[in-house]
Every structure is written in C-alpha cells, then in structure tokens.
Amino acid sequence: MSCEVIQKDRAGVINPIFTCQPAGAQFAAIGIKDCIGIVHGGQGCVMFVRLWFSQHFKDNFLMASSSVHEDGAVFGALNRVEEAVDVLLMRYPDVKVVPIITTCSTEVIGDDVDGVVTKLNNGLLKEKFAGREVHLIPIHSPSFVGSHVTGYDVAVHDFVRFFAKKSEPNGKLNLITGWVNPGDVTALKHLLKEMEVEATVLFEIESFDSPLLPDKTGESHGSTTIADLEGTANALGTICLNRYEGGKAAKYLENEFAIPTVIGPTPIGIRNTDAFLKNVKKLTGKAIPATLVRERGIAIDALTDLVHMFLADKKVAIYGHPDLVIGLAQFCLDLEMKPVLLMLGDDNVHYKNDPRIKELQENVAFDMEVVLNADLMTLEERIKSKKVELDLILGHSKGRFISIDNQIPMVRVGFPTYDRAGLYRHPVVGYAGAIWLAEEMANHLFTDMEYKKNKEWILNVW
C-alpha cells in the first residue's frame, strides 16, 4: 500500500483542470471595493474570464481590457494601457484601485508595465485627474507558467504589499480566505462572530451573492476597502486558510510587519475546522464558545448517520485547486473513504514537498496516486483502463462528461461549478460545510444506487 506522487506521464494538456494566471489576478481584483482591473492583453483574456465568473456566480462583474491587437503584439502596446486608464477613469468616476494585469502576450513582448504606471502617476493622474484618489498597481501574471491559482496568490500579495501601512494596532485578525465562495465567507464570518473576533476578510466576497433591488441596482462586487488593506499591517495576527491561495501575502505581512501568522489547514471537515478555531483562539485569546461546541456536535452526529453504512470504503477521485483537493482528501479519510486519485493541475514544483502530502504518503493504508500537472484526460485514461475503480468523483463542472460517460456519480465542488444551481451559496468549510459535503456525497451515492438498482432497498429501511 502506498501513496505515489508522480508527474503526468504525457506531454501536452488535454481538457485542462486549470486556466491561466490572469484569471486568478482578476478574481482577486473583483474582491476589492471601487476596483476595476485592466487586463493588458487581447480582449479574450477578459471576455473568457468574465464568462467563467458569470457562469459560476450567475452575475456579472466589471473588468476592462487594453485590447491589444496585432500591431501592439509586434511593436509594443503600452499606449493601450495609457488609453485604457484614461477611458476607465473617465467612465467610472468612483474607481480608486486599478490593477494593471499582464498576460502571456504582453509579458512575451516585454511591455514595461511598471514603467508605464510610473509615467501615468507623474503625468495623466496629475494633469487630468488631479485631486482624485487613484492607485495603479502592476500585477505580473504571465499565462505561460502557473495557473489561475498562482495568479490569485500573486495578486493578493501585490495588493497587500501596495497598501499595507504600519500605524496603530487595530485589534483585528487578518483572514485570507483563498479562492472560496460567498457561502464559505458567510460560514467563516459566523465562526468568528461566535468567538467575538473582529476580522479583516481578504477578500470580502459575500456580496457576490448580490440582490436584485427595486431600483434595479445590485451590481456584484467585493467589499474589501482600501482601509481594510492598509490595516492588514496592524493586525493581531494573520490566518491564511490556503497555502497556495494567499500564502505569499501572509508571509509578506509576517516578514515585513512581524504579524504572527498561521497558514492552514484549510478548514474542511471536523478536524481542520477544530484546528482553525484553535488558531483563532491562539492569536486572539478568545475562548471557543459553547455554541460552536454544539454546532460541532451536530456535525459529528450528521456524519455518524452516514459514515459506516454508506461512505466507508468508497473510492474517490478528486481534482481542482490544490488546497481544496488536499482538504477534501483529508475529510474523506476521516469519513473512512478512500481518495485513491488526487489530481493537481499545474506546474507548481512545491506540491511534492507539501507536508500534507507527505503525511498522506506516510499514513494511507491503500494505494493512492497524486498526479501533478494533471489534466482531466488523466482521470479519463485511468477510468477507461480500469487502473482505478471509482464510486465517486469530486471536482468542478468541467469533469461532468467523464462522470456521465462512465456512469460515476460526481459531486460538484470547487470552481467553476456552472451546471448546478446555487452551489456558490453552500459552504464547504466549517462545521456547516462538513455537513453539506457529507450529505451531498451520500445523496449522490443514493441516487446512483437507485439508478443502477444496486442495493437500493437499503434506503427503504435506513
């Protein structure tokens, strides 16, 4: 029995799990109030990402493009950045934060985005927009390395580095959530409220689940403010939930401002949520209240109803964001399930040294495969060759056809999930997330039992 960590044994990518770095930088940008990012590249670098976000959240988000064309790709396109900033600021008078997000084309041709930001600060902003608060922030996110996960990590770091400003202690906790859903932010804020802890949430995307109001307003945007970002340097401590989604920013705050920092574990499942609450207690001195002890008990009771009879020994494949995949694998192990295949979809060389993966290698009592730089063809090949036999798949919607073609039930989790309604409202973190995940897995297995007439009579007497 072993846990083997390997690279995908095939050149090229077929049906990718991840997309490119600029998408991650754009996701970070839409979490900030009064912020519209300019993506320096072709229009598709914005159009595709906006479609991606709107499919997942069923709402629209504002992003801009420098709209680089053939001439810019040959001769340089910094003039397009200057024009884009000018037009954006004229059209949106309330915008204060404008990240300039690079792409593969503009990184390859060598456009000096940092230099044009300096030029604009000393020229256009002083001459045409004098007296207006505008922050131009270069974010380098070349598409030919990493993924949207690393792009998000880079952008969070660059925003924090740009704004964090040391002043008086604010008594708050920095909570860097990583790439989560509005339902996750709601669940995390609930846990902190029960502990009477005030926090700066990076990024505050609960408002992505936006209302449709009588005056026809209700545009989706994040609500983390410039003041919030500035205050990160004055916090009691930082908890970063995900190593690869905000870890750079957490380390920066620790190294630059001596902010006590805890990175992980991602609070998926009972034990990792317990660890999160203990970390909050350690950094703030606040006690874990009886209300959360009761919530924990309810979650354990819900899991107990399912584990022995329905979830134990079920073989699972998991793909998606690395912290999510590892957190889900840990949760499955706690439920006595067998996550036999984990797929991490980019070229990050640090995954193989992740202590959580090392722990899996040391402790799993069955054959497990962790595939780095994987794609969804990795999953399909293993199913069709019968290298793995699966009871369940956990992952985002791009794997839906593998599930359908091979008649393996699939729980949609992660990003993007566009073929099921309202999943962004449901948390996967915290005790509430543990209940939702376990019951979703069980209900998918129940449906599969009924369709395949596989011991479905058990459901009549359960």
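State all residues of region 298-324 that are within 12 Å of MET368 (Cβ to Cβ) and either of a type in the set (Gly, Ala, Ser) or free of Cβ contacts under 8 Å to residues at least 60 places away in the same chain (or both); if no residue qualifies, say none.
ALA317
Based on what the data block shows, is MET449 assigned to a helix (DSSP H, G or I), of a type in the set (A, V, I, L, M, F, W, C) and at pLDDT 95 or above?
no
The conditions are (1) acidic (Asp, Glu); (2) over 27 Å from GLY12 (Cα atoms); (3) surrounded by 24 or more Cβ atoms within 10 Å (Cβ to Cβ), and ASP323 fails exactly one of them. Which is it?
(2)
State all residues of region 211-259 that are among the polar types (S, T, N, Q), surrounded by fewer than 18 Cβ atoms within 10 Å (Cβ to Cβ) and part of a loop (DSSP other than H, G, I, E, B); if no residue qualifies, say none.
THR217, SER223
Restricting the search to region 388-423, which residues are of a type in the set (Asp, Glu) and either crowded, with 21+ Cβ neighbours inside 10 Å or out of contact with any Pro (no Cβ under 9 Å at 6 or more places or on another chain) (or both)?
The answer is GLU389, ASP405, ASP419.
For region 339-353, name all the residues that are surrounded by 20 or more Cβ atoms within 10 Å (Cβ to Cβ) and more than 18 Å from the chain's Cα centre (by Cα).
PRO339, VAL340, LEU341
Filter the helices (runs of 4 or more DSSP H) completely within region 107-168 down to those with at least 2 residues that are crowded, with 18+ Cβ neighbours inside 10 Å and in contact with a Lys or Arg (Cβ under 7 Å, 6 or more places away or on another chain).
148-163
Would you mind stating whether GLU219 is under 17 Å from LEU62 (Cβ atoms), among the charged types (D, E, K, R), at pLDDT below 95 and in contact with a strand residue (DSSP E or B) (Cβ under 9 Å, 6 or more places away or on another chain)?
When the stated conditions are applied, GLU219 does not pass them.
Which condition from (1) part of a helix (DSSP H, G or I); (2) surrounded by fewer than 18 Cβ atoms within 10 Å (Cβ to Cβ); (3) not aliphatic (A, V, I, L, M) is the one that ARG80 breaks?
Tallying (1) part of a helix (DSSP H, G or I); (2) surrounded by fewer than 18 Cβ atoms within 10 Å (Cβ to Cβ); (3) not aliphatic (A, V, I, L, M), ARG80 fails exactly one: (2).
Residue check, ASP9 against (1) assigned by TED's automatic domain parsing to the domain that holds LYS398; (2) in a helix (DSSP H, G or I), all met but one. Which one?
(2)
Yes or no: region 50-58 includes at least one residue that is modelled with pLDDT under 95, in contact with a Leu (Cβ under 8 Å, 6 or more places away or on another chain) and outside the structural domain of GLU206 (by TED's automatic domain parsing).
no
Of the numbered conditions (1) part of a helix (DSSP H, G or I); (2) modelled with pLDDT of 95 or more, LEU394 satisfies every one except a single condition; which is it?
The one condition LEU394 does not meet is (1).
The values are calculated or read from the model by the stated rules, or taken from the named source; none is laboratory data. Everything numeric in this text was worked out from a predicted model, so none of it was measured. Here Cβ is always computed from backbone atoms with ideal geometry, including for glycine, and neighbour counts include all displayed protein chains.
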